[in-house]
1. Check cross-link reach from residue 250 to the lysines: straight Cα distance under 18 Å, and skip same-chain residues fewer than eight apart.
2. Under a Cβ-only charge scheme (Lys and Arg +1, Asp and Glu -1), can you give me the dipole magnitude of the chain about the Cα centre, in debye to the nearest 20?
3. Project the alpha carbons of the chain onto their principal axes and report the range along each, largest first, in whole Å.
4. Skip the ligands, DNA and RNA, and give the accessible area per residue of the chain with a 1.4 Å probe, whole Å².
5. What is the chain's relative contact order, in percent, from Cα pairs under 8 angstrom and six or more apart in sequence?
6. Just the number, please: carbon plus sulfur as a percent of the accessible area of the chain, 1.4 Å probe, no ligands or DNA/RNA counted.
7. Measure of size requested: the Rg and Dmax of the range 138-225, with Cα atoms as the atom set and Å as the unit; please supply both.
8. Enter the angle in degrees (range 0 to 90, nearest 10) between the Cα long axis of helix 73-86 and the first principal axis of the Cα atoms of the chain, meaning the one along which they spread out most.
Amino acid sequence: MYLFINKKRVLAHIKNRGIFGFFLYLLSIVKKTFYIFYLTFNIRKLNKNYTADSLIDYVYTKNEGLIKPIQIRSEILKLIKIIKNKKPKTVIEIGTAQGGTLFLISKAIPEDSLIVSIDLPGGSFGYGYPKIKMRLYKSFSRPKQKLHLIRADSHKLNTLNKVKKILNNRTVDLLFIDGDHTYDGVKKDFEMYSPLVNNTGIIGFHDIVISKKRSNVGVNDFWIEIKKNYEYEEIVENWKQLRCGIGILKRKKT
Ligand SMILES: C[S@@+](CC[C@H](N)C(=O)[O-])C[C@H]1O[C@@H](n2cnc3c(N)ncnc32)[C@H](O)[C@@H]1O
């Protein structure tokens, strides 16, 4: 199945690396597929007394990096600690990717919470995810938790309507924007989804540190603009790192 999904990649491998390269590619697909199934059946057996630190250890050091967050470890650890304290019951994440932050957030929020995670079926910024991973991502939820995956462009009105239908008049306690990282993209996600967030809710942004190497990343520009209107917190390991960094908008200034 994976082969058909990635037909173009298979042909590119044969062309670029010859038959041996293709064989290695096949092996890596088999290994990945095996791990997806293995993890899906084992993730529920996780020790329930996890802490933010043990969750971070789990995603960064286990499972061949299959659900590793695309984040700086110390930064995401701090965010997960904040989320654990705040206990948001309704969460929207834009940018599922490998499921790293989805896994961490779903374990950090209360049992009876609802989480919606959005990503493209095969995304820009290199990630997105294939259908085969949906079962794995669904297995992150705890027994009373409701986890919804939407494989669509967050900027489409249809996607927003799907989210609203799932929320069924609930307001959002945590919105985590980590999808399209262009200035226009992040701004659009904010404009479309922030009205769903309640007065005590928080809005997180990933990649607030200026990124000179990646000229299409404009989160920093939008962050500088928007943070003026809010009480906010910045989680940045080092402002010279030229990537990552998490910004959290808290209460709106009056
Ligand atoms: C940096 S990754 C997210 C990382 C993830 N939150 C983590 O750390 O585990 C960004 C993701 O946003 C997705 N994306 C980009 N543009 C999008 C859009 N318009 N709608 C939905 N998802 C989008 C990409 O496909 C990619 O998977």
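1. Those lysines meeting the cut-off are 78, 81, 84, 86, 87, 89, 187, 227, 228.
2. Details: 46 positive and 22 negative charges, 153 e Å.
My answer is approximately 740 debye.
3. Sorted largest first, the three principal extents are 64, 42, 37 Å.
4. Working: 13600 Å² over 254 residues.
Here the per-residue accessible area is 54 Å².
5. Working: 409 pairs, mean separation 38.2, N = 254.
Contact order relative to length: 15 percent.
6. Values: 7370 of 13600 Å².
Reported share for carbon and sulfur atoms: 54 percent.
7. 14.4, 44
8. 50 degrees
The values are calculated or read from the model by the stated rules, or taken from the named source; none is laboratory data. These figures come from a predicted structure and were not determined experimentally. Neighbour counts run over all protein chains shown; Cβ positions are idealised from the backbone, glycine included. Remember, those area values only see protein heavy atoms, side chains included, never the ligands or the DNA or RNA. Shrake-Rupley method; radii C 1.70, N 1.55, O 1.52, S 1.80 Å.
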